Amino acid sequence: MTQTDTGTMPAAAKEGETAGSPQPGIGRALLFAPSLVAALAFVWFLTFLPAIGRGEVFTLVYPWIPALGIEFAFLLDGLGLIFALLVTGIGALIFLYAAGYFLGDPRAGRIITLLFLFAIAMLGLVLADDVVTLFLFWEGTTVTSFLLVGFDYQKAYARRAALQALLVTGMGGLALLGGLILLGDFAGSYRLSEMIAMGPAVSEAAIYGPVLALFLLGAFTKSAQFPFHFWLPGAMAAPTPVSAYLHSATMVKAGVYLLMRMNPALGGTEVWFWVLTIFGATTMLIGSIWALRQTDLKQMLAHTTVMGLGTLVMFIGGGTEKAAIGAALFLVVHALYKAALFLMVGCLDKKAGTREVDDLAGLGRAMPITAWAAALAAFSMAGMIPFVGFLGKEVMYEASFSVITEPVLVAGAAYVANAMMVAVALIVAVGPFHFSAPRSPKPAMDPSWTLWLGPVLLAGLGLVLGVIAPLTGDAVVNPVAASILGRPVDYHLKLWHGVNAALIMSILTFVLGFLFWRTARPIRAGLAGAQASGLISADELYDRVLEGVRATAKAVTGRLQNGVLTSYMRATFAALAIVLWGAIALSGGPRPTPSFDLPLISYATMAIMLIATAAVIITRSRLAAIASLGAIGTSISIIFVLYGAIDVALTQLMIEILVVVFLAIALLRLPRTPERKGFRVGDAGIAAAVGLGVTVVLISVLGTPLDLTLTEFFEENSAPVAFGRNVVNVILVDFRALDTLGEIAVIVIAAIGAVAALKAGRQAAAKTTTTMEPGE
């Protein structure tokens, strides 16, 4: 089904189409510059590999907000280095690919810039050692991902996918922020390394449950874990370079990185083991099953990415050294073959005219380089020896047998999912290129070197890392596993482990995978039938939830925003009463007894206020009501004077004068309205609840010892830090600068709105007058 006007992504939608003539000023050198910068960064990070392999850790700290203990703190260890190499190495190839893919397109500069900004954000995320720094870059990946997914913003499905990704990952980001603040407050430090060093002390603390829930929500939304897995296939609305970079190798692994990084502090508990194992295995199976449902090669790879992310989460929750090693190795394996396959699909789309697997066949002779890149990457994906994917699958099965939770179930889930990955690898690498007469929408040919270099190098690297297995284990796997476990790891990776259970399962995986491949069409038809019969997908459930939120908001708004001012005031003060009495009920404890030993002038002032309040309620004269309101405000100014707050009293008096004047001008010019007779019990009850609530709260606050911490802080810092001796002014202008700016902005916006409304009214009146016929 193809729908471009409802937000649904059309199958095999075309990408990279030139929207017009190239814009002047963006030269080729500028387009290819980010690729060179990323390549140089990759080489620089490679120089740290020997030291990191020996267990060394590098830190870099720049002061940011010293008064709050916030720093730009960065840490480079095994986990951070591997992610940095993936970000820069794959990034260099993606930037080169994107420059060739969009060459001649006026949007080329925009997508290259966004990809480069994303790379900076992702690099900062995986190297951050300060939680504020980490969250800053975390949200940087969210924002840049939103812009990249919605790159083709003229299309409804791209806008929908971008909004969906933003809502889901943004929600998780807010949850993560709460978890980071709670954990930092408990640890007494906002440095991740210091939090992690606390180890079991975190899992034994009372805050462990809420912190774990918030961290998992942040990680699961970012890394598309069930039930948030639906946003990632939708994000394939992005151009192919974006999908290859963000949604296979880097951004979607941010949540995986977070779980790996926090494993020493949050792991080691039954909750951690079971939650990660269950949700990871569920995500793995859902991704692999629905991959066989797809006919669009890009969508097929997107669902296998969901499978790969679920696999990583499942093994992070395994709780053993073998599980950590399996996660560390599969992290690299998946990034290499998946990025290569995404880029290969982009080559097919660009040069053969489609991504639909049923419309492609026999292109091996016309596109030999693309076919070889697809074959090498698919071999690694399927786990063929001697590719690094074979090592990943072997270690994965070994890790399955060692997990703390349910080894049999974990191994069974991994077996079924891996078999489906073999089938997908055959579909992607065999169907479009071999065993059939050539078939494609347009004459096929290999693309330029800028497009085929990336998939060839990435797929070839999968072969090289498998051949040099011992070096791969020492330089890549062991440092990452050590970061996950929080202790050194000495695992010897090799291609041949002898005939064992893992090897037997690998062979059986190929057998079952071949069967899945041969029966792919019936399986696809069965899944399509199940979906058509009313099986609700997670994406459809998201739409229903979103529609429910809209309907609820519309109903609430229609109920509250009814155009009646008294209704607005009634709702506002009722909510205030609920908040006040809720706080009173939750605070508990004895209430202090108020003192009535006050000067006579205080009682006289209160009497004036009571009489004036009664007059406002009783009188039917607008002028008398306005004067009574003025009396109340003036009495409040007298109270401020009695307690020494002269400046506040002057402010109150000036405001009161303005209010009385404005009310007099406005109310006296308004037409008479029908008066409501009778005593309104509901309004009186709300007023009484608010008044009594404020009274009880004030008595409680004034009856407790005064905390002078803030007073002393402002007294000590006003002159030396803010260069002002009027403490109140300094608080408003310097310490509360943004708050004051916001208040001023609200007033300015309200004034602009009022002026615009008045101007529009006058123009409408003038237009009505000029269009009226004589005598009307």
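The values are calculated or read from the model by the stated rules, or taken from the named source; none is laboratory data. Being a predicted model, the structure only gives us computed values, none of them experimental. Cβ coordinates were reconstructed from backbone atoms using ideal geometry, including for glycine residues, and neighbour counts include every protein chain displayed. All accessible areas refer to the heavy atoms of the entire protein, side chains included, with ligands and DNA or RNA removed. Shrake-Rupley method; radii C 1.70, N 1.55, O 1.52, S 1.80 Å.
At a threshold of 8 angstrom on Cα-Cα distance, excluding pairs fewer than six apart, so keeping six or more, what relative contact order does region 33-85 reach in percent? Mind showing how you got there, number by number?
Numbers: 41 pairs, mean separation 19.2, N = 53.
For region 33-85, the relative contact order is 36 percent.
Using a cut-off of 19 Å between Cα atoms, the listed pairs 298/350; 338/442; 338/494 include 338/442; 338/494 as exceeding that distance. With no solvent and one point on each alpha carbon, what is the Debye value of log10 I(q)/I(0) for region 391-503 at q = 0.13, 0.17, 0.18, 0.22 Å⁻¹? The Debye formula, applied to the Cα set alone, gives -0.75, -1.07, -1.13, -1.34.
When each of the peptides 556-567, 600-611, 388-399 is scored by how many other beta carbons lie within 10 Å of its residues on average, the order from highest to lowest is 388-399, 600-611, 556-567. Toward the positive end of the charge dipole of the chain, with +1 on the Cβ of Lys and Arg and -1 on the Cβ of Asp and Glu, the farthest Cα among 567, 733, 357 is that of 357. Run the paramagnetic zone check for residue 578: 7 angstrom along Cα to Cβ, then residues of region 531-563 with backbone nitrogen under 15 Å. Flagged as within label range: 553, 556-557, 559-561.
Would you mind computing the Rg to Rh ratio of region 521-652 from its alpha-carbon coordinates, Kirkwood style for Rh? Please report the intermediate quantities before stating the final value.
Working: Rg = 28.6 Å, Rh = 21.4 Å.
Checking Rg against Rh, the ratio lands at 1.34.
Label sites at residue 496 and residue 544, each approximated as a point 7 angstrom past Cα along Cα to Cβ, lie 5.6 nm apart. Surface composition of the chain: carbon and sulfur atoms hold 71% of the protein heavy-atom accessible area at a 1.4 Å probe. Here region 389-412 is scanned for amide nitrogen atoms under 20 Å from the site 7 Å beyond the Cα of residue 471 along Cα-to-Cβ, giving 389-392.
Defining a contact as two alpha carbons under 8 Å apart and six or more residues distant in sequence, what relative contact order in percent does the chain show?
On the way: 1131 pairs, mean separation 80.0, N = 776.
This gives 10 percent for the chain.
Positive end of the dipole of the chain (Cβ unit charges, origin at the Cα centre): among 209, 344, 177, the Cα lying farthest that way belongs to 344.
The stretch between residue 533 and residue 646, if pulled fully straight at 0.36 nm per residue, gains 33.2 nm over its current Cα-Cα span. The protection proxy used here, the mean number of other Cβ atoms lying within 10 Å of each residue, ranks peptides 206-216, 122-132, 456-466 as follows, highest first: 122-132, 456-466, 206-216.
Can you tell me the FRET efficiency between residue 385 and residue 30 if r is taken as the Cβ-Cβ distance and R0 is 51 Å, rounded to the nearest 0.05? Walk me through the intermediate numbers first.
Values: r = 44 Å, r/R0 = 0.86.
Efficiency, from the Cβ-Cβ distance: 0.70.
Note on residue 518 and residue 359: with the Förster distance fixed at 22 Å, the Cβ-Cβ geometry gives a FRET efficiency of about 0.60.
If you plug the beta carbon distance of residue 595 and residue 559 into 1/(1 + (r/R0)^6) with R0 = 45 Å, you get a FRET efficiency near 0.55.
Counted residue by residue at 0.36 nm each, then reduced by the alpha carbon distance between them, the extension gain from residue 406 to residue 700 reaches 100.3 nm. Annotation: region 496-572 has a Kirkwood hydrodynamic radius of 18.2 angstrom, from the mean reciprocal C-alpha pair distance.
Sorting 472-482, 46-56 by average packing, meaning the other beta carbons within 10 Å per residue, from highest down gives 472-482, 46-56.
Rounded, prolate or oblate for region 596-704? Axes are the square roots of the Cα gyration tensor eigenvalues, ordered a ≥ b ≥ c, and the cut-off for rounded is a/c under 1.5. The shape class here is oblate.
Our estimate of slack between residue 708 and residue 743, defined as 0.36 nm per intervening residue step minus the Cα-Cα distance, is 10.0 nm.
The dipole here belongs to the chain: it is taken about the Cα centre, uses +1 on the Cβ of Lys and Arg and -1 on the Cβ of Asp and Glu, and is about 2260 debye. Principal semi-axes of the equivalent ellipsoid, √(5λ) from the alpha carbon gyration tensor of region 92-223, are 35, 17, 9 Å from largest down.
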